[in-house]
1. Highest first, please rank the peptides 108-116, 159-167, 56-64 by the mean number of other Cβ atoms sitting within 10 Å of their residues.
2. Arranged from highest to lowest average of other beta-carbon atoms within 10 Å per residue, in what order do the peptides 123-129, 168-174, 9-15 appear?
3. Return the distance in nm (one decimal) between the two label points of a simple spin-label model at Thr173 and Arg121, each offset 7 Å from Cα along Cα→Cβ.
4. Please find the FRET efficiency linking Glu163 to Glu89, where r is the Cβ-Cβ separation and R0 is fixed at 25 Å, and quote it to the nearest 0.05.
Amino acid sequence: MPSEKKVSSAADCLAFMQGGCELKKVRPNSRIYSRFYTLDPELACLRWEPSKKDGDRARLDISAIREVRTGKSTETFLHNGPSDHLAEEAAFSIIHGDEYQSLDLVALSADVANIWVTGLRYLLSHPGAIGGGSGGDGGVGEGSIGNKMRQNWLAAEFALVDEDGHGIVSEDTAVATICKLCPGIREAK
């Protein structure tokens, strides 16, 4: 799994996006919401949480995306006072739908924004990748480089918490490790 700042291919970007991260959603009403965004395993949609919308509505199909813009170039960014305090290089917008609506986002760093922009642009220019069909072109489908990287990363993370080296960890340890790796997941009992 790539570190937050080091990606060298579209597969790295897609793997990072599937792991998810926090992005700030900027709304036209001057509100800014922190959401945890992920790319689904089939590379077909973006999902976010928390959301007041039900699970089927807290998503954006990749096929609905028309364009991905860098910087603060949309109406929301240009006419929103609080966005003045958000870094231009960490901002990007996803233009989607028949009415060309914008989903305006700000990452925690320019590197993270670049990962999302690169990954989304890759998906737009390689529609065969959507639906999990990697076709050997560097996607993250089963058997792909991205999937192998993710499996190796997870194996290494769980090996660190496997005290006796037998490949078994307690449920509490597994849950704590998952929560550490995916901050957007809430522990429920």
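Bear in mind that the values in this text are calculations on the coordinates, not laboratory data. Every value quoted in this text rests on a predicted model; they were computed, and no experiment measured them. Please note: Cβ atoms are built from the backbone with ideal geometry, for glycine as well, and neighbour counts cover all protein chains shown.
1. Put in order of decreasing packing, that is 108-116, 56-64, 159-167.
2. 9-15, 123-129, 168-174
3. Those two pseudo-labels are separated by 4.4 nm.
4. With a Förster radius of 25 Å, E is 0.05.
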